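Down below is the structure, laid out as structure tokens.
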Amino acid sequence: MTQEEILQIERTYSESKIQHTCVCWFRQTFPDVADLLFAVPNGGRRDGRTGAMMKYEGAVSGVSDLILLHPHGGKASLCIEMKVPKRKGSSAGSQSDNQKAWQKLVEAHGSVYVVCHGIFEFVTAVCHYLHIDPAPFIKRVLDTYAIFR
């Protein structure tokens, strides 16, 4: 597949599906630290009681969708906010005010925060965080994308 073909496919995906694809790629690519990348179940629709219970248990509004809890290069972690890519007739997903505030907080305390709109931005962000060249990993995505979907 080409990068443009994959981008076209991702334009039809939900944020959840894009995140799933990215997590699958990460876990297959970095099995030794696979479980250090995890989702934070902060989003979604919930009734008032469930939302209140989550807040009571420590949920924080604005937390990123994924966290790579792997200190590297003097940084504490990589926080990844997943958004849908730009679609015909609409704009790309954007951060809420709470997400922007949480980004400032974690960056001030030694973490890296990125917003990713698909697999290529995700792969590039992870590779930059780990200080490795993303080119071979992007080539692998192009060669094997079907197994991640």
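The values are calculated or read from the model by the stated rules, or taken from the named source; none is laboratory data. Small disclaimer: the values here were computed from a predicted structure and weren't measured. Glycine also receives a Cβ, built like all others from the backbone with ideal geometry; neighbour counts cover every protein chain displayed.
Key figures for this structure:
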read-out: Filtered residue count, segment 17-70, keeping only those that are over 17 Å from GLY118 (Cβ atoms), modelled with pLDDT under 95 and among the basic types (Lys, Arg); value: 4
read-out: Scan of segment 98-149 for residues that are more than 27 Å from ALA59 (Cβ to Cβ), of a type in the set (D, E, K, R) and out of contact with any helix residue (DSSP H, G or I) (no Cβ under 9 Å at 6 or more places or on another chain), ordered by number; value: LYS139, ASP143
read-out: Pairs where the first residue, in segment 80-93, is outside any strand (DSSP E or B) and surrounded by 16 or more Cβ atoms within 10 Å (Cβ to Cβ) and the second is at pLDDT below 70 and not β-branched (Val, Ile, Thr), C-beta under 9 Å, 6+ apart; value: LYS83/ALA92; VAL84/SER90; VAL84/ALA92; PRO85/ALA92
read-out: Qualifying residue in segment 20-28 (condition: loosely packed, with under 14 Cβ neighbours inside 10 Å, on the phi < 0 side of the Ramachandran plot and not acidic (Asp, Glu)); value: yes
read-out: Filter result (surrounded by fewer than 18 Cβ atoms within 10 Å (Cβ to Cβ) and at pLDDT 95 or above) within segment 96-106; value: LYS100, ALA101, LYS104, LEU105
read-out: Which listed residue is surrounded by 12 or more Cβ atoms within 10 Å (Cβ to Cβ), touching a strand residue (DSSP E or B) at 6+ places or on another chain (Cβ under 9 Å) and over 25 Å from ASP97 (Cα atoms), from VAL40, VAL33; value: VAL33
read-out: Check on SER14, at pLDDT 85 or above, under 19 Å from HIS117 (Cα atoms) and loosely packed, with under 15 Cβ neighbours inside 10 Å; value: yes
read-out: Restricting segment 107-145 to residues that are of a type in the set (Asp, Glu) and modelled with pLDDT of 95 or more, the residue that is surrounded by the fewest Cβ atoms within 10 Å (Cβ to Cβ); value: ASP133
read-out: Verdict on VAL106 being in contact with a Cys (Cβ under 6 Å, 6 or more places away or on another chain), within 25 Å of ARG27 (Cβ to Cβ) and of a type in the set (Val, Ile, Thr); value: yes
